[in-house]
Amino acid sequence: MKTKIILASQSPRRKQLLEWAEVSFEVVVKETDEHFPPGLTAEEVALYIARNKSIAVQSSLPDPVIVLAADTIVVLGENIIGKPVHREEAISILLALSGEKHRVITGVVIRKGEQEVAFADVTEVEFHALTIDQIEFYVDKYKPYDKAGAYAIQEWIGVVGIKSINGDFYNVMGLPVSRVVKALERLGDEK
C-alpha cells in the first residue's frame, strides 16, 4: 500500500503543480513561524522554513505519512525579498527587480518517519526594464501580496516582463516538481 502524501502548503500553485504531475496527495497546513536565525545562507533559510512546516504537520498526523513542505524566497543581490504587505511595497519590490537578475530559491523538505530528503532548487530570473505604468498595472490587477518577490511568473508580468530564466521554470512558480517526483520515487511511494 502506498504511503499517503501530505502537502504542507496552502499554495494553490504548489497544489496545481502536483496535480499536473498526477501525484495523489492531501493538503494539511499548520501555522508555523517563518522567522529564521541570523547567519543562514539564502538556501538554508528556505530549507529552515520548509523543515519547520514539515515537522509541524508531521507531528500532528499518525504515521505512516509522507509530508512534503516547501518555501520559496526571492533573492536580489544578498537581500531576501519576502511577500509585499501593501501596494506601495509591491511596486517598490518590482522597481528593484526591473532590469535586474535575481534568484528564486525553493527549499523542499520531504519527511517519512525519521527519513528526510531535503534540497534547495535555484533558478535565476532576469527582468526586462519595466515601466512604472507596467508595474502599477500588474500590482493593481493581480494583487501579488501572497507572492515572494511580488510577482508570479505565470501571470502577465512573467509573460511580458521576463527576459530570461536559467533553471527550472516550475521552481519559480513555487515547486521544482520534477525533483520532487524523483525524491518521492526514492522514498519508494510514487511513480
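The values are calculated or read from the model by the stated rules, or taken from the named source; none is laboratory data. None of the values given here were measured: they were computed from a predicted structure. Counting neighbours? That spans all protein chains shown, and the Cβs are built from the backbone with ideal geometry, glycine included.
Only one of these conditions is not met by residue 126: (1) closer than 29 Å to residue 5 by Cα; (2) not in a helix (DSSP H, G or I). Which number is it?
All conditions pass for residue 126, except number (1).
Which condition number does residue 127 fail, the rest of (1) of a type outside the set (Ser, Thr, Tyr); (2) at pLDDT 95 or above; (3) in contact with a Leu (Cβ under 6 Å, 6 or more places away or on another chain); (4) within 21 Å of residue 49 (Cα to Cα) being met?
Tallying (1) of a type outside the set (Ser, Thr, Tyr); (2) at pLDDT 95 or above; (3) in contact with a Leu (Cβ under 6 Å, 6 or more places away or on another chain); (4) within 21 Å of residue 49 (Cα to Cα), residue 127 fails exactly one: (4).
For the subset of the range 131-182 comprising residues that are aliphatic (A, V, I, L, M) and outside any helix (DSSP H, G or I), which member is nearest to the chain's Cα centre (by Cα)?
Looking at the filtered set, the residue picked out is 175.
Consider only pairs whose beta carbons are under 9 Å apart and that are at least six residues apart or on different chains; among these, list those whose first residue lies in the range 1-12 and is within 13 Å of residue 67 (Cα to Cα) and whose second residue is among the polar types (S, T, N, Q) and part of a loop (DSSP other than H, G, I, E, B).
4/24; 5/24; 8/32
Go through the range 47-79 and give me each residue that's more than 18 Å from residue 112 (Cα to Cα) and either among the charged types (D, E, K, R) or touching a Phe, Trp or Tyr at 6+ places or on another chain (Cβ under 9 Å) (or both).
71, 74, 78
Quick check: anything in the range 53-72 under 19 Å from residue 170 (Cα atoms), acidic (Asp, Glu) and in contact (Cβ under 8 Å) with a residue 60 or more places away in the chain?
No - not one qualifying residue is present in the range 53-72.
Could you list, in sequence order, the residues of the range 129-150 that are surrounded by 22 or more Cβ atoms within 10 Å (Cβ to Cβ) and either within 9 Å of residue 90 (Cα to Cα) or of a type outside the set (Ser, Thr, Tyr) (or both)?
135, 139, 147, 148, 149, 150
Report every pair of residues separated by at least 6 positions or lying on different chains whose Cβ atoms are under 6 Å apart, first residue within the range 86-110 and of a type in the set (Lys, Arg), second surrounded by fewer than 17 Cβ atoms within 10 Å (Cβ to Cβ).
101/124; 101/126; 103/124
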